[in-house]
Amino acid sequence: MQNTISHNLSDLKASSGKIVITTHHKPDGDAMGSSLGLYNYLASAGVDSKVITPTDYADFLWWLPSNENVIVYEGNEEQSNKDILDADYIFCLDFNALGRINKMGEVVDQSNAKIVLIDHHRDPQNFDNERYCSIGASSTCELIYHYITEFLDKKLLTKEVGECIYTGLITDTGSFKYGSTTSTTIRTAADIMDLGVVPAKIYEQLFDQNRLERLRLLGYYLSNKIEIIEDGKIALAHLTNEELKRYNVKTGDTEGFVNYGLAIKGVVMSALVIDREYLVKMSFRSKGDFPCNEFSAEFFGGGGHRNAAGGASKDTLENTLNKFKESIKSYSNLLE
Ligand code: 5GP
Ligand code: MN
């Protein structure tokens, strides 16, 4: 645990209205859960803050309490830049490098605000003034809960804060399934249930609100798109831009697809490569010790966690797939 937090709730109260909370681009459940969890907590303490996300995010997260107050940076640059430059505190949640918040990173870098980093990714870069970071935490939401109970006031926690935090706990652990789940994760979930949170309701909101089109895309993907290579150890799938258009794919629709490759017996690493037109985006998942983050950093300028990482390529889809097939060979000794 890296902990250099030196503010308390009185400091945040004194900065009410001058607090910005942000998270990585294309925020996922942990990113939005931690951001809105902190936002709702501060609101319950009488502290005004703003959540500014670099980009939009999947609609299965729009039910989160206070989602209607989230500002998406793209399209609101002018006011957001002003808020960031005027801020006393900027909370950076669930990312470890300013590059992960796109253009916003340059503005955050110029701001005189105290930057508070709360994150569970490896090797955070030095862009913060105070941090509460642990790679042993299942999720940033788990850290937000402990940040609140340790440095702020536990009594001000509400059911709405709990719903946000519970969301990050289950989305980042695959519903308490991945190796990152610890007894602390489960204890945190139990404490959150005591706030009145109903897990079944959260699962339903997150996983049972699909558009039929998304499930049809999943059916197509499972039937046609998964290729098994390297003696059954690697599942490789890709989606072309034409396929994204054909199935009317929206932000978040392909979330979780990469995990199906890993559900195949014998597969150690699963990769999904998507042609997003402006960029070829890659997702990697693994079982056991295979280091997706190291592989991604070495060949695709990415990073993340050992068992879940991502990267990108500016090359064509075809060249990217070929590069993947070539580069994975140099990791074949780790494919046990
Ligand atoms: P996903 O495959 O769900 O997009 O990303 C899985 C994890 O990999 C994320 O939680 C994040 O930690 C990391 N990640 C994804 N894309 C990138 C990237 O382009 N760069 C870095 N450094 N990490 C990434
Ligand atoms: Mn996370």
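What tally of residues in segment 72-90 results from selecting those that are over 27 Å from GLY302 (Cβ atoms) and open to solvent by less than 40 Å² (accessible area, probe 1.4 Å)?
Keep residues of segment 72-90 that are over 27 Å from GLY302 (Cβ atoms), which gives 76, 78-79, 81-83, 85-89.
Subsequent filtering for residues that are open to solvent by less than 40 Å² (accessible area, probe 1.4 Å) retains 83, 87, 89.
Residues that pass the stated criteria total 3.
Looking at SER16, is it of a type in the set (S, T, N, Q) and at positive phi?
Values: of a type in the set (S, T, N, Q): yes; at positive phi: no.
For SER16, the condition - of a type in the set (S, T, N, Q) and at positive phi - is not met.
Looking for whichever is touching a Gly at 6+ places or on another chain (Cβ under 9 Å), open to solvent by less than 70 Å² (accessible area, probe 1.4 Å) and more than 12 Å from ligand 1 (Cβ to nearest atom) here; the options are GLY311, GLY266, GLY304. Which one fits? Spell out how you get there, then give the answer.
Values: GLY311 fails: more than 12 Å from ligand 1 (Cβ to nearest atom); GLY304 fails: more than 12 Å from ligand 1 (Cβ to nearest atom).
So the residue among GLY311, GLY266, GLY304 that is touching a Gly at 6+ places or on another chain (Cβ under 9 Å), open to solvent by less than 70 Å² (accessible area, probe 1.4 Å) and more than 12 Å from ligand 1 (Cβ to nearest atom) is GLY266.
Does segment 210-224 hold any residues that are of a type in the set (A, V, I, L, M, F, W, C) and open to solvent by 40 Å² or more (accessible area, probe 1.4 Å), and which are they?
First pass over segment 210-224, keeping only residues of a type in the set (A, V, I, L, M, F, W, C): 212, 215, 217-218, 222.
If the condition is that a residue be of a type in the set (A, V, I, L, M, F, W, C) and open to solvent by 40 Å² or more (accessible area, probe 1.4 Å), then LEU212, LEU215, LEU222 are the ones that fit.
One line per residue, one yes/no per condition, for (1) modelled with pLDDT of 95 or more; (2) surrounded by fewer than 23 Cβ atoms within 10 Å (Cβ to Cβ); (3) away from ligand 1 (no atom under 16 Å from the Cβ):
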{"site": "SER49", "(1), (2), (3)": "yes, no, yes"}
{"site": "TRP63", "(1), (2), (3)": "yes, yes, yes"}
{"site": "ASN67", "(1), (2), (3)": "yes, yes, yes"}
{"site": "CYS92", "(1), (2), (3)": "yes, no, no"}
{"site": "ALA97", "(1), (2), (3)": "yes, yes, no"}
{"site": "ILE115", "(1), (2), (3)": "yes, yes, yes"}
{"site": "ASN129", "(1), (2), (3)": "yes, yes, yes"}
{"site": "SER139", "(1), (2), (3)": "yes, no, no"}
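Collect the residues in segment 1-31 that are assigned to a strand (DSSP E or B) and open to solvent by 60 Å² or more (accessible area, probe 1.4 Å), keeping them in residue-number order. Before the answer, list the steps.
Kept after step one, since they are assigned to a strand (DSSP E or B), are these residues of segment 1-31: 2-3, 19-23.
Answer for segment 1-31, where residues must be assigned to a strand (DSSP E or B) and open to solvent by 60 Å² or more (accessible area, probe 1.4 Å): GLN2, ASN3.
Is it the case that some residue within segment 272-286 is closer than 22 Å to ALA97 by Cα, in contact with a Lys or Arg (Cβ under 8 Å, 6 or more places away or on another chain) and surrounded by 14 or more Cβ atoms within 10 Å (Cβ to Cβ)? Steps first, answer last, please.
Initially, segment 272-286 is screened for residues closer than 22 Å to ALA97 by Cα, giving 278-285.
Those left that are additionally in contact with a Lys or Arg (Cβ under 8 Å, 6 or more places away or on another chain): 279-280.
Keeping just the survivors that are surrounded by 14 or more Cβ atoms within 10 Å (Cβ to Cβ) gives 280.
Within segment 272-286 (the criterion being closer than 22 Å to ALA97 by Cα, in contact with a Lys or Arg (Cβ under 8 Å, 6 or more places away or on another chain) and surrounded by 14 or more Cβ atoms within 10 Å (Cβ to Cβ)), the answer is yes, since at least one residue qualifies.
Considering only segment 185-209, state which residues are assigned to a loop (DSSP other than H, G, I, E, B), surrounded by 13 or more Cβ atoms within 10 Å (Cβ to Cβ) and without any contact (Cβ under 8 Å) to a residue 12 or more places away in the chain.
First, the residues of segment 185-209 that are assigned to a loop (DSSP other than H, G, I, E, B): 194-198, 208-209.
Of the ones still in play, those that are also surrounded by 13 or more Cβ atoms within 10 Å (Cβ to Cβ) are 195, 197-198.
Residue satisfying the conditions is VAL198 alone.
Output the residues belonging to segment 97-120 that are within 16 Å of ligand 2 (Cβ to nearest atom) and either in contact with a Phe, Trp or Tyr (Cβ under 7 Å, 6 or more places away or on another chain) or at positive phi (or both). Can you show your working first?
As a first pass, look at segment 97-120 and keep what is within 16 Å of ligand 2 (Cβ to nearest atom): 97, 100-101, 117-120.
Across segment 97-120, the qualifying residues are ILE101, ILE118, ASP119.
Considering GLU326, GLU336, GLU318, GLU255, which residue is within 16 Å of ligand 2 (Cβ to nearest atom), open to solvent by 40 Å² or more (accessible area, probe 1.4 Å) and of a type in the set (D, E, K, R)? Give the steps one after another, and end with the answer.
Details: GLU326 fails: within 16 Å of ligand 2 (Cβ to nearest atom); GLU336 fails: within 16 Å of ligand 2 (Cβ to nearest atom); GLU318 fails: within 16 Å of ligand 2 (Cβ to nearest atom).
GLU255 is the lone residue from the list that is within 16 Å of ligand 2 (Cβ to nearest atom), open to solvent by 40 Å² or more (accessible area, probe 1.4 Å) and of a type in the set (D, E, K, R).
Kindly indicate whether any position in segment 225-234 is open to solvent by less than 40 Å² (accessible area, probe 1.4 Å), on the phi < 0 side of the Ramachandran plot, in contact with a helix residue (DSSP H, G or I) (Cβ under 7 Å, 6 or more places away or on another chain) and not aliphatic (A, V, I, L, M). Even if it seems obvious, please write down each step before you answer.
Just the residues of segment 225-234 that are open to solvent by less than 40 Å² (accessible area, probe 1.4 Å), to begin with: 225, 229, 232, 234.
Add one more test, that the residue is on the phi < 0 side of the Ramachandran plot, and what stays is 225, 229, 234.
So of that shortlist, the ones also in contact with a helix residue (DSSP H, G or I) (Cβ under 7 Å, 6 or more places away or on another chain) come out as 229, 234.
After this cut, where a residue has to be not aliphatic (A, V, I, L, M) as well, the list is none.
Checked segment 225-234: no residue is open to solvent by less than 40 Å² (accessible area, probe 1.4 Å), on the phi < 0 side of the Ramachandran plot, in contact with a helix residue (DSSP H, G or I) (Cβ under 7 Å, 6 or more places away or on another chain) and not aliphatic (A, V, I, L, M).
Please determine, by comparing only the residues of segment 81-96 that are within 19 Å of the chain's Cα centre (by Cα) and aliphatic (A, V, I, L, M), which one is farthest from ligand 2 (Cβ to nearest atom). Steps first, answer last, please.
Going residue by residue through segment 81-96, those that are within 19 Å of the chain's Cα centre (by Cα) are 90-96.
Subset that is aliphatic (A, V, I, L, M): 90, 93.
Details: ILE90: 18, LEU93: 9 Å.
Ranking the candidates gives ILE90 first.
Are any residues in segment 152-162 in contact with a helix residue (DSSP H, G or I) (Cβ under 8 Å, 6 or more places away or on another chain) and open to solvent by 10 Å² or more (accessible area, probe 1.4 Å), and if so, which ones?
In the first step, residues of segment 152-162 are kept if they are in contact with a helix residue (DSSP H, G or I) (Cβ under 8 Å, 6 or more places away or on another chain); the result is 152-154, 156-158, 160-162.
Selection gives LEU152, ASP153, LYS154, LEU156, LEU157, THR158, GLU160.
Only one of (1) part of a helix (DSSP H, G or I); (2) more than 16 Å from ligand 1 (Cβ to nearest atom); (3) under 26 Å from ARG211 (Cα atoms); (4) not β-branched (Val, Ile, Thr) fails for SER34. Which number is that?
(2)
The values are calculated or read from the model by the stated rules, or taken from the named source; none is laboratory data. From a predicted model like this one, the values you see are computed outputs, not experimental measurements. Neighbour counts run over all protein chains shown; Cβ positions are idealised from the backbone, glycine included. With ligands, DNA and RNA removed, areas are computed over all heavy atoms of the protein, side chains included. Shrake-Rupley method; radii C 1.70, N 1.55, O 1.52, S 1.80 Å.
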